[in-house]
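Asker: If you scroll down you'll find the structure; I have some questions about it.
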Amino acid sequence: MPSMYPTRGGADWAFLADARLPNPAALVPAMLRRMTNHPIALVTGANKGIGREVARRLAELGKTVLVGARDRARGEAAVADLRAITPNVHLIVLDTTDDTSLARAAKDVAERFGRLDILVNNAAIASGSAPASQQTVAAMRELFATNVFGVVAVTQAFLPLLAGSPSPRIVNVSTSLGSLQLADPDTAVSQQATQWFGYAASKTALNAFTVRLASELRATAIKVNSACPGFVATDLNGHRGHRTVQQGADIVVHLATLPADGPSGGFFNDAGRVPW
Ligand code: NAP
């Protein structure tokens, strides 16, 4: 049986059809699918901060944007604002740490849109982070639950829908604090990573997911990359960041809209590649 996944080099990725969703093409009437010609992008945690700006920018670029938000009211407020740009903005209620919420969201997207072109894994938390000697395991579990396991679960749930796209893109929003090579203790990045061990370690693990998933999917058209937005003023850091959400969103939007000859399996910020 031919694979339903877009391939490069003729490899057969039919084994991915074992993922949780049935063939999305079978779920949506052909007429409805033809109505959604715009590329479809899902951004998790898009009700505020960098995620919301990424959603706004993708809407400006003409994508149909699915605003992922765990809280319906906060999500609806963001969608109402973004509808000033384009009507093609829709709320997807999605708590990335809740399997039931995730299954419902994936089914919702399958039924309403039939495919996904761009997945931006943006949702994350940083609270509970502490230096390694004092990091509580309980807080670290919560950090990993959102920043790592949530991303793995969301990605696996939406891979079958990404398979319906001619140019699928996955962006994992990471941070240079997760870099093990930027370990010179005299640098600001290293000092911050030392203070925020739990958060930094979760992003190191997230980067491992980027590398391994990109390697696994290298014969397909799916590109998977990590993005570092820099130190951006948001709720995540009590607005201490020196960059704007507009600046932070630049690299995320760039990786979400890479051309066919763009990279996969990399870690990038505005200046280029970030060392692992
Ligand atoms: P933010 O303003 O705190 O926004 C985080 C978003 O994630 C919120 O929408 C939040 O929803 C959502 N979220 C958290 N847990 C969730 C869950 N379980 N399910 C669904 N949504 C969830 O943070 P931000 O600074 O924009 O961060 C966005 C991304 O950039 C994160 O991946 C972060 O690690 C990364 N980053 C940020 C900086 C920076 O300096 N700000 C630097 C490097 C990387 P609620 O509103 O419901 O809480």
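Asker: Run the quick spin-label model on H242 and S127: label points 7 Å from Cα toward the beta carbon, then report their separation in nm to one decimal.
Answerer: That separation, rounded to one decimal, is 2.8 nm.
Asker: Given springs between every Cα pair under 10 Å in a Gaussian network model of the chain, which of I125, I85, I170 has the largest fluctuation?
Answerer: For the chain, modelled as a Gaussian network with Cα springs under 10 Å, the answer is I85.
Asker: Next question. By how many nm would the segment from D99 to A73 lengthen if fully extended, with 0.36 nm per residue of separation less the alpha-carbon distance? Before the final figure, lay out the partial values.
Answerer: On the way: separation 26, 0.36 × 26 = 9.36 nm, distance 2.04 nm.
Additional length available on full extension: 7.3 nm.
Asker: Between L102, L258, L159, which gets the highest mean-square fluctuation from a Gaussian network model of the chain, Cα cutoff 10 Å?
Answerer: In the Gaussian network model the winner is L258.
Asker: Then there is this: Alpha carbon centre of region 37-97 versus region 180-197: separation in Å?
Answerer: Comparing the Cα centres of region 37-97 and region 180-197, I get a distance of 33 Å.
Asker: Give the Debye-formula value of log10 I(q)/I(0) at each listed q (0.07, 0.12, 0.13, 0.16 Å⁻¹), with one equal scatterer per alpha carbon of the chain, two decimals each.
Answerer: -0.23, -0.70, -0.82, -1.25
Asker: Just for the chain, what percent of DSSP beta bridges are antiparallel, to the closest 5?
Answerer: Numbers: 3 of 27 bridges.
The answer is about 10 percent antiparallel.
Asker: Here's a follow-up. If r is the Cβ-Cβ distance from A271 to A219 and R0 is 35 Å, what FRET efficiency results, to the nearest 0.05? Don't jump to the answer; show the numbers that get you there.
Answerer: Values: r = 30 Å, r/R0 = 0.86.
The formula returns an efficiency of 0.70 here.
Asker: Here's another thing I want to ask about it. State, to one decimal in nm, how far the label point of E111 lies from the label point of Q195, with both points 7 Å from Cα in the Cβ direction.
Answerer: With each label placed 7 Å out from Cα toward Cβ, I get 4.7 nm.
Asker: Given only helices, namely DSSP H runs of n ≥ 4 each adding -39500 (n - 2.57), what is the per-residue ellipticity at 222 nm of the chain, to the nearest 500 deg cm²/dmol? Mind showing how you got there, number by number?
Answerer: Details: 10 runs with 109 residues, N = 276.
Only helices count here, giving -12000 deg cm²/dmol.
Asker: Here's something else I'd like to know. Which one, V253, V89, V137, has the greatest fluctuation when you compute a Gaussian network model over the chain with C-alpha springs under 10 angstrom?
Answerer: V137
Asker: Let me ask something else. Using a Debye calculation, one point per C-alpha and no hydration shell, please list log10 I(q)/I(0) for region 166-267 at q = 0.10, 0.20, 0.22 Å⁻¹ in order.
Answerer: -0.30, -1.02, -1.15
A short reminder: the numbers here are calculations on the coordinates, not readings from a lab. Given the structure is predicted, the values throughout are model-derived calculations rather than measurements. Using ideal geometry, Cβ is built from the backbone for each residue, glycine included, and neighbour counts are taken over all protein chains shown.
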